């Protein structure tokens, strides 16, 4: 079965699932045979009962440049149970074995996995997620801390903006990953070694 790469991005009101809440998430599914995403999903969630927003995170959201993203992430809210069941069902409709990808995976997937297990009682990705920054480190031969977006070649980037709206960022980061992956596939082709 071929792989389908699911780029995920989450927005949150603090650094920890449970004490803080995931406010929204977006996902974009990509396959090597298509130039753009084959499907997307975006869900805005109600906050967790008893959870509170982290002061530093909420101060960041209060900045004028983040107000549009905040407002978009607080529209049409659904409960975490409804949202996570909807997401898991969506992943299961994708045409291939789902591979979660994120930037950074250690943050976005941490929230997503906790919410999936807590509210949908399963994760279609098992317990793993491919970290785009780590993949860039490998592709560039750089130390991990140097493998930042500013040190990545411009050819890897699309024109998609990074807006802190979850679906926008999932699309942007998914395109970045797919450009890296396609380049790696080309490097391994018989024509590339001649």
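For residue 48, are the conditions met, namely being in a loop (DSSP other than H, G, I, E, B), under 20 Å from residue 126 (Cβ atoms) and either at pLDDT 95 or above or touching a helix residue (DSSP H, G or I) at 6+ places or on another chain (Cβ under 7 Å) (or both)?
no
Given the conditions (1) under 28 Å from residue 33 (Cα atoms); (2) crowded, with 16+ Cβ neighbours inside 10 Å; (3) at pLDDT 95 or above, which single one is not true for residue 89?
(2)
Name the residue that is modelled with the lowest pLDDT, counting only residues in the stretch 132-158 that are surrounded by fewer than 19 Cβ atoms within 10 Å (Cβ to Cβ) and not in a helix (DSSP H, G or I).
Of everything passing the filter in the stretch 132-158, 158 is modelled with the lowest pLDDT.
Quick one: count up the residues across the stretch 113-129 that are touching a strand residue (DSSP E or B) at 6+ places or on another chain (Cβ under 6 Å) and crowded, with 19+ Cβ neighbours inside 10 Å. Steps first, please.
Within the stretch 113-129, the first condition is being touching a strand residue (DSSP E or B) at 6+ places or on another chain (Cβ under 6 Å), and the residues that meet it are 114-115, 124-125, 129.
Checking which are crowded, with 19+ Cβ neighbours inside 10 Å leaves us with 115, 125, 129.
The number of residues fulfilling the criteria is 3.
So, residue 20, is that one free of Cβ contacts under 8 Å to residues at least 40 places away in the same chain, within 19 Å of the chain's Cα centre (by Cα) and closer than 12 Å to residue 111 by Cβ or not?
So residue 20 fits the description; yes.
Test residue 173 against the stated conditions and say whether it is in a helix (DSSP H, G or I), in contact (Cβ under 8 Å) with a residue 60 or more places away in the chain and exposed (fewer than 13 other Cβ atoms within 10 Å of the Cβ).
Values: in a helix (DSSP H, G or I): yes; in contact (Cβ under 8 Å) with a residue 60 or more places away in the chain: yes; exposed (fewer than 13 other Cβ atoms within 10 Å of the Cβ): no.
Here the answer is no, as residue 173 does not meet what is asked.
The values are calculated or read from the model by the stated rules, or taken from the named source; none is laboratory data. Please read all numbers here as calculations on a predicted model, not as lab measurements. Reconstructed Cβ throughout: ideal geometry from the backbone, glycine too, with neighbour counts over all protein chains shown.
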